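The values are calculated or read from the model by the stated rules, or taken from the named source; none is laboratory data. All values derive from a computational prediction rather than experimental measurement. Here the Cβ positions follow ideal geometry from the backbone for every residue, glycine too, while neighbour counts run over all protein chains shown.
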Amino acid sequence: MVYWSLRKTEEAKAHGEKEKIQPGNGDPGIIALVLALAAAVLTVVCLPYFSEDPATIAADPAEPPPTRLPPEPEPTLPPPDPNPYGSLDFQYDENNYLKLIDGDSVTGIDVSSYQGKIDFEAVKASGVDFVIIRLAYRGYETGRIVFDKMAFDNLEGAAAAGLDIGVYFFSQAITPEEAEEEAYFVLEAIKDYDLVMPIVYDWESVSDPDARTADMDRETLTKCCKAFLETVHGAGYRAMLYFNRRQAQYHMDISFLKDYEFWLAAYTDRMEFPYKINMWQYTNTGRVPGIEGDVDINVYFPISPDK
């Protein structure tokens, strides 16, 4: 180590010059004092960083320590039961209707005023077993509940032809209270009819950005579905929920609705939905004797195989 000491030279004295700092061997006492002071300063500066106690290290003022733990995540229900059927479990029968290969299944259609006047005798003769009839709908602008103009003609005609009957309500409810109102409306309207098939809740998004349902969120829609289905079930009827795959994935939480029957809309002849369903609308461009134009065709399989 090189240290410095003050040396007064004779030359400086002789010429009246100021004292200069020169390298050399200084007084040991002064050196020791300087070293001691340096060690003290170093200890004061570095002590917090060598401490074993984290509490003695000051926190970064930009990142204060947390004062409470983050909230626990909300519990979630397990998903519905897995689908026991796969892509190879269905084939077309002699009437060109999709059926289960191994297991009981029946063919049905769902209709509304869009199908016009229907010859239900011809429908029955073609191999169709049941019909789901649109009873009414709620307007997506006004919110008013309106009967389908062919609802009662279709109910009477299907019953006379010996078809099993169910009904569906096209909903644009934005609160559970409105969904419950829709359920009571249906129950009052069908009280004089013998329904073998379920009462179905059909809530669908519409493309109009000004629709009253444009800002519907997943939680509220799930509550609406539950309110309708619970009301129908509580009145002693079978309750069913209609949805497509996107709705099931993004728009409603079917884990909270799995106590009711599911009706899937998926336009293909290969079953690919992962969860158990009871009815499958596999085409919306079907052709059935007795109906002019396209019609939805469904396969219903109420009993799952032991798989």
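What about K191, is it touching a helix residue (DSSP H, G or I) at 6+ places or on another chain (Cβ under 6 Å) and closer than 27 Å to E121 by Cβ? First the steps, then the outcome.
Values: touching a helix residue (DSSP H, G or I) at 6+ places or on another chain (Cβ under 6 Å): no; closer than 27 Å to E121 by Cβ: yes.
Considered against the rule, which asks whether it is touching a helix residue (DSSP H, G or I) at 6+ places or on another chain (Cβ under 6 Å) and closer than 27 Å to E121 by Cβ, K191 comes out as no.
Which of the residues belonging to the range 171-181 are surrounded by 19 or more Cβ atoms within 10 Å (Cβ to Cβ) and either outside the structural domain of R144 (by TED's automatic domain parsing) or β-branched (V, I, T) (or both)? Within the range 171-181, I174 is the sole residue that qualifies.
Residues in the range 258-307 that are basic (K, R) and more than 21 Å from D104 (Cβ to Cβ) were compared, and the one that is surrounded by the most Cβ atoms within 10 Å (Cβ to Cβ) is K258.
Here is a yes/no grid of residues against (1) surrounded by fewer than 20 Cβ atoms within 10 Å (Cβ to Cβ); (2) within 20 Å of F262 (Cβ to Cβ); (3) free of Cβ contacts under 8 Å to residues at least 24 places away in the same chain:
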| site | (1), (2), (3) |
| --- | --- |
| N96 | yes, no, yes |
| S105 | no, yes, no |
| G116 | yes, no, no |
| D119 | yes, no, no |
| A125 | yes, no, no |
| V131 | no, yes, no |
| R144 | yes, no, yes |
| F152 | yes, no, yes |
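Inspect the range 129-137 for any residue being among the acidic types (D, E), at pLDDT 95 or above, assigned to a loop (DSSP other than H, G, I, E, B) and within 31 Å of the chain's Cα centre (by Cα) and give the result as yes or no. Scanning the range 129-137, I find no residue that is among the acidic types (D, E), at pLDDT 95 or above, assigned to a loop (DSSP other than H, G, I, E, B) and within 31 Å of the chain's Cα centre (by Cα), so the answer is no. Of the candidates Y168, Y201, Y184, Y193, the single residue that is assigned by TED's automatic domain parsing to the domain that holds K223 and assigned to a loop (DSSP other than H, G, I, E, B) is Y193.
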